[in-house]
Amino acid sequence: QITTLINHKDKPKRSDKTLQAIQRVGQAVNLAVGRFVTVGEAIANENHELKEEMSVACIEARRAGETIAQLTDVTSLDHPESDSHITIFTDKTGVVKAARLLLSSVTKVLVLADRIVIKQIITSRNKVLATMEQLEKVSSFQEFVQIFSQFGNEMVEFAHLTGDRQNDLKDEKKKARMAASRAVLEKCTMMLLTASKTCLRHPDCESARINKDGVFHRMRLALEQVIEIVTDSRPNGENEMAPISIYSGIKEFKNKVEGLRENLYFLSKENLSTMLEVILEHTEDFTDSAYTSHEHREHILELSKQAKMELEQLVSVWMQAQNQKTKDLMEDLEVAILKTCQCMNELKREVHSAATSLAADLLKYHTDHMVLKALKITGVEGNLEAVAEYTCKLSEQKEQLVEMCRLLRHVSGTEPLEITCIHAEDTFQVTGPQIISAAETLALHPSSKIAKENLEVFCEAWESQLSDMSLLLREINDVFEGRRGEKRVYLSLPRPGKHNANLKALKPVRLDTEEQAKIAKLGLELHLLTSDVDSETEKWEDQENEIVQHGQGMSSMAYSMYLFTRGEGLLKTTQDLFHQAEIFATEGTKLASALHALSDQVHDDDKPLLLLEAEKLISMCKQLQITAKASAQGKSATFTKVDACILKTRNVMTLLCQLLPLCCKLLRKNKAGNGCLKPAPPWKEDRIRTGTNARTPERRVDTFGIKSLENHVANMTFLESK
C-alpha cells in the first residue's frame, strides 16, 4: 500500500474514483499501523526491560501512520476553501518521509519483539539446564520423581517455544539444524528417565553411570545448538565451517567453467585447478572406504583421472583464447567446456551410485535388528561373554552405518539433507556406545526390570534412526533424479476437460496460504504413510501381485493429494482433489475384492481376520466417496470438505499399512516356505544395488513430540508405586 502511494503519478485531471482510492489506501495504512502498534505496546507492557525502546518505536510508527492518513485526505480538494490544505499532490516528499519513518519504526518494533522471543527461549533453556543439574545429583527415587515432573513441564514449554521459532525460520539450513536438535531432545527425554532410574536402582554400577552421563551430555549439546541457531552465534566467536560435499563442489566448479563463455578473465587457472583438487580429495572418501565395491572404486579413479585431463585441455584452449579470440578457438573452448562438465556429471553420477547402493544394501541387511535382539536375550540371561561378543558386532555395524552417512552427505544434493546426514551420523556414533553400556548393565543385573526397560529405549532409538535413513535415502534419490516434490504420475489423475464434465460449471478453487498452513500437519502424516506403504510393497517378491499393484496405485494417489496440501503437484484445484479422492476410494474397493480372493486361499484360522479387515476397508472407502461427491458451496465449506477428504484418505492409508504385511505373512505361511518376501542377502564385498525395505517408523514426526512428552509427565505419578 505504501508503494502504491509513493509510485502514484500526479496527473492534472483527478477523477473522484482516483481521489477516493488514494484516501482509502491512506486510511488502510493508518488502521494497519494502529493494530500493529497496539500489539507492540502490549508486548512492551509485559517486558519492562525493553518497554522504553518499544514505546518510542510504537509512537514513531503511529505518528507516521497518522501523517500518511492526513496527506492522503484528498476528497475535499474540489472545494475552493481547501486550497491551503497540504496533501500528497502538494507535498509528495512529505509522504516519502512519513513512509521511511514508518518502515524504520515498524522494523524496530519487529526487531525488539524478536529479541524478547529469543530471551524467552534462552530463559527456558536456562531453567531446563538448572533442573538437569538437580536431576544429576539426586540420590532418592522420591526426590527424582518430583524433580523430573518439573523437568518435564519445562521441556514442554521449551518444545513449544522452539517449535514456533523453527516454523518462523526462513533459512532452510537453520531449520534443518533446529529440527535435528529438537529431535535429539525429544528422544533423550525418555532416555534420561530410564537411564536415571537405572542408575538410582543400581548406584554402584559403572556402566549404568556411563549410560546416564552420555544422555545428559548429549542433551546439553543439543540445548546449546538450539541457542546458537536462535541467537545466530557460535561459542568463542568461532565461524561455522560448512562441510564441503562433492555435490556442492562439483556444482560450484561447473558454474565457474561455464562462466568462461561470458568472461575469459574473471578467474585464474590456479583457482580452477584448486577447486578440482578439493573435489578429487573428497572422492578419496569413497575410494579409501572398505565398503565401496571394487567396480565403483575403479570407475571413480578413472573419472578422476579423466577430469584432470579435461581440465588441462580446457586451460590450454582458454589461455589461447585470452590472447586471440578467433572463431575456431572459441568453438574449441565451447567443446572443452562441454567435455569438462560432462566428465564432472559422470563423476557425480558414479559417487551417487556408490553411496546409495551401499546405503540400500546396509539398510536391507540390518532391517531384522538381529544384533539388538541378541543383546536383549543375552542380557536377560546374564551372559556377559555373549553380550561382549554381540557388542563387538554392534560396534562393527555402527562403523558401517557411520561410513554410510558420511558418503550419503557427499551426494545429498541440498544443505538441509546434508545436515540430516550429519545428524544421523552423530546419532549412530552416540547411540551405539549407549546401547552397549545399557546391555552391560542388564547383563550384570539380569533380573532388573528397569535395566531391561532402559536397554529397550536405546534399542528403539537405534531402530528409529535406521528407519529414518530409509526415508532419507528416498529423498536423496528424488533430488538426484530431479523429481523432488513429485512422484510417479498415476494414470487416472484428473485433467481439465477429460474428467467429470458435469463439474465444468463449478469455479475451480485453490487452497490459499492460510488454508495450506492449517492442513500442513495432516498432509505431512499422509506423506509419511505413503513412505510406509511403499516400503511394505517393496518387500514383496512378486511385484505383479494384484494386492501390491493396488497398494502402489493408492500410495501414488495419496502422495499427489499430499502435494496438493503444499500447493504443488498435478492436482491444481479442489475439484481435482475431490476427483482424485473418488478414484482413490475406487482403487481401495478393488483392493478389498483382491483381499476377498486371497481369503479363499488361506487357512480357515486366518480367514476371519482378513475378511474383517477387507470389510473395514470397504466401509472407509464408501465414506470417502460420499464425502468427495458431496456438494460444498462457499470457501469455508470447500475447505472443510478438503480437510475431510485428506483425513479419510489418511485413515485408509493407515489401514493399508497394516494390511500389506498381514497379506504378505499369510501368503508366505500358505506357500509353506516358497515365500513372498525377498530373503536378506549375506553381506558381501561385491554387492548389487537393491531398494531399501526399512519401514518408516510409526512415531516419526517432523516436530518435537510434545504430546508424548506431556504423557510422560502425566504418568510420573505412577512411578513411585513401581
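The values are calculated or read from the model by the stated rules, or taken from the named source; none is laboratory data. Since the structure is predicted, the reported quantities are computational estimates derived from the model, not experimental observations. Cβ coordinates were reconstructed from backbone atoms using ideal geometry, including for glycine residues, and neighbour counts include every protein chain displayed. Ligands, DNA and RNA are stripped out before the accessible areas are found, and what is left, the full protein with its side chains, is counted by its heavy atoms. Shrake-Rupley method; radii C 1.70, N 1.55, O 1.52, S 1.80 Å.
Some points to look at:
- Counted residues, region 648-659 - those being under 15 Å from residue 528 (Cβ atoms) and touching a residue at least 60 places away in the same chain (Cβ under 8 Å): 7
- Within region 466-483, residues that are under 15 Å from residue 357 (Cα atoms) reach partners that are among the β-branched types (Val, Ile, Thr) and modelled with pLDDT of 90 or more with beta carbons closer than 6 Å, at six or more positions or on different chains, in the pairs 472/420.
- Residue match in region 359-367 (condition: within 30 Å of residue 438 (Cα to Cα) and of a type in the set (Ser, Thr, Tyr)): yes
- Candidates are the residues of region 398-431 that are touching a Phe, Trp or Tyr at 6+ places or on another chain (Cβ under 7 Å) and open to solvent by 10 Å² or more (accessible area, probe 1.4 Å); the one that is modelled with the lowest pLDDT is 413.
- Taking region 431-460 as the range and being within 19 Å of residue 216 (Cβ to Cβ) and of a type in the set (A, V, I, L, M, F, W, C) as the test, the residues that pass are 435, 436, 438, 450, 451, 455, 457, 458.
- All of 331, 350, 346 fail the test of being assigned to a helix (DSSP H, G or I), within 24 Å of residue 260 (Cα to Cα), in contact (Cβ under 8 Å) with a residue 12 or more places away in the chain and not assigned by the TED database to the domain that holds residue 429, apart from 346.
- Qualifying residue in region 387-397 (condition: open to solvent by less than 60 Å² (accessible area, probe 1.4 Å) and in a loop (DSSP other than H, G, I, E, B)): no
- Some residue of region 69-84 being loosely packed, with under 13 Cβ neighbours inside 10 Å, modelled with pLDDT under 90 and assigned to a helix (DSSP H, G or I): yes
- Residue 446 meets the conditions (1) part of a helix (DSSP H, G or I); (2) more than 30 Å from residue 350 (Cβ to Cβ); (3) touching a residue at least 60 places away in the same chain (Cβ under 8 Å); (4) of a type outside the set (D, E, K, R) in every case but one. The failed one is (1).
- Selection count, region 249-275, where residues are within 38 Å of the chain's Cα centre (by Cα) and open to solvent by less than 50 Å² (accessible area, probe 1.4 Å): 11
- As for region 125-135, it holds no residue that is modelled with pLDDT under 90, within 30 Å of residue 47 (Cα to Cα), outside the structural domain of residue 468 (by the TED database) and open to solvent by less than 50 Å² (accessible area, probe 1.4 Å).
- The lone exception for residue 143 - which of (1) open to solvent by 40 Å² or more (accessible area, probe 1.4 Å); (2) touching a residue at least 60 places away in the same chain (Cβ under 8 Å) it fails: (2)
- The listed residue being surrounded by fewer than 18 Cβ atoms within 10 Å (Cβ to Cβ) and in contact (Cβ under 8 Å) with a residue 12 or more places away in the chain, out of 553, 567: 567
- Residue count, region 24-40 (criterion: open to solvent by less than 50 Å² (accessible area, probe 1.4 Å) and either modelled with pLDDT under 80 or hydrophobic (A, V, I, L, M, F, W, C) (or both)): 6
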